[in-house]
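The values are calculated or read from the model by the stated rules, or taken from the named source; none is laboratory data. Just so we're clear, the structure is a prediction, and the values are computed from it rather than from any experiment. A quick note on method: Cβ atoms are made from the backbone with ideal geometry, for glycine too, and the neighbour counts reach across all protein chains shown.
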Amino acid sequence: MFKPRWKKEALLLLKGARKFLHYKRDLLAPDRIDEIESRRVDLKDAVKAKDLDAVKEASKQLRNTCEKSLAHYRQPDWIQENIEVFWVAIVVALGIRAYFLQPFRIPTGSMQPSLNGIVATTKHEEDGWDTPWFGEQVFDFAISGRSYENVVAEKDLNITSIKDSSFFLFSRTKITFDDGTSETIGCPLNEAAGIPTISEALRRKANGITPHFEKGAPIFQGYLTSGDLVLVDKVSYHFRQPKRGESFVFDTRDIDTNGPEDMSSQSKGDHYIKRLVGLPGDTIQIDQPNLYINGDKATEETLLRVMSQKPDSKGYDYTGYTNPPRRADGRGQKTGFSDPSYTVTLDDDPKKGNNYREFFALGDNSTDSLDSRYWGSVKQYNLVGPAFISLWPFNSGHWGLIK
């Protein structure tokens, strides 16, 4: 604090020269390294002797030596520098995604109206609808997540397959034709199945009839409204136990995604978002529209909201928790929850280890949700984390912290 200025500057120069050697050692010739070390010793001796003239001369020599040591080194141009920054940004983003926050785009409507999934809306030219001009499309996408599609058969085509081809944050249904060409619609298969033309094609395939489109026939004309893009907090569950009533994301490892109630857009290892309604040791019962936990009606605010069957702020009704019907086509036969008196108790046996503790997941849109009523409990090793914040679209009504 009370050192003279010349001494402070000399000590800072010594420190800077040492850092220079550490950072650039792989680029410096051995003789240059030795020379810099020698100049540093000269400056140290001059400071120790308190010889101001010697300090000035030694400082000058040290600076000149460092500045000339990398004369052969060519600075990277702006392209190289930007490429380096780009890759560093990717590495940082992947690190954040792996350990802290993971983006997740909601593909289905199972959490509506609390959180939105992708919705396909069909329009037809004969109804007076046409694709808006480019500026309106850009605005609609930026604010509402709405994208317009006009998929029309370019020639007579037979459909050979309709499959879900979603990956990462992108939901896709791929339609392949007999000439080897294909078209994609930007929504998962379960939502595409609600498009009249695709629904009819799937019905025909199920009956052994090859679906056919004539030239100029619309395959899908309309728009897709994006599901909410949320960030998942991957840290919290390492420091606290999951809470009943929160929205949470889990992967589908070891969850039976096949069978009468097929999770068509999900495969083992993918991710799903639901409401966490049951903790290890809880006994779950559904007597429409109510959810009972350990024999008592659930009291958590988010669960009461679903059971109320009242509309949200935008006028969309909650359905209450429903008992899946036993349908004549066999779908729904997989679940015991069709019986209002049916109960299930979640495993909390410490002998099996914490990873095998069980949780119960239900969608807020109970009438249109594939959840623990059908494929059973979620194990602790499946948990990713609570849904933390909704990033986009901005006018979905859910932007901000997720409740």
Has region 360-368 got at least one residue that is part of a loop (DSSP other than H, G, I, E, B) and surrounded by fewer than 17 Cβ atoms within 10 Å (Cβ to Cβ)? no
Return the pair list, or none, for Cβ contacts closer than 6 Å from residues in region 350-367 that are in the same structural domain as Tyr318 (by TED's automatic domain parsing) and among the basic types (Lys, Arg) to residues that are surrounded by 11 or more Cβ atoms within 10 Å (Cβ to Cβ) and not in a helix (DSSP H, G or I), at least 6 apart or on different chains. Arg357/Pro280; Arg357/Asp348
Selection from region 164-197 of residues basic (Lys, Arg) and either in contact (Cβ under 8 Å) with a residue 60 or more places away in the chain or closer than 16 Å to Pro211 by Cα (or both) yields Lys174
Among the residues of region 228-250, write down those that are acidic (Asp, Glu) and touching a Phe, Trp or Tyr at 6+ places or on another chain (Cβ under 8 Å). Asp228, Asp233
Hey, can you tell me all the residues within region 1-14 that are surrounded by 10 or more Cβ atoms within 10 Å (Cβ to Cβ) and in a helix (DSSP H, G or I)? Trp6, Lys7, Lys8, Glu9, Ala10, Leu11, Leu12, Leu13, Leu14
Among the residues of region 189-227, what is the count of those that are over 26 Å from Asn116 (Cβ atoms) and among the aromatic types (Phe, Trp, Tyr)? 1
Does region 349-373 hold any residues that are out of contact with any Asp or Glu (no Cβ under 7 Å at 6 or more places or on another chain), farther than 14 Å from Gly245 by Cα and not acidic (Asp, Glu), and which are they? Pro350, Lys351, Lys352, Gly353, Asn354, Asn355, Asn365, Ser366, Thr367, Ser369, Ser372, Arg373
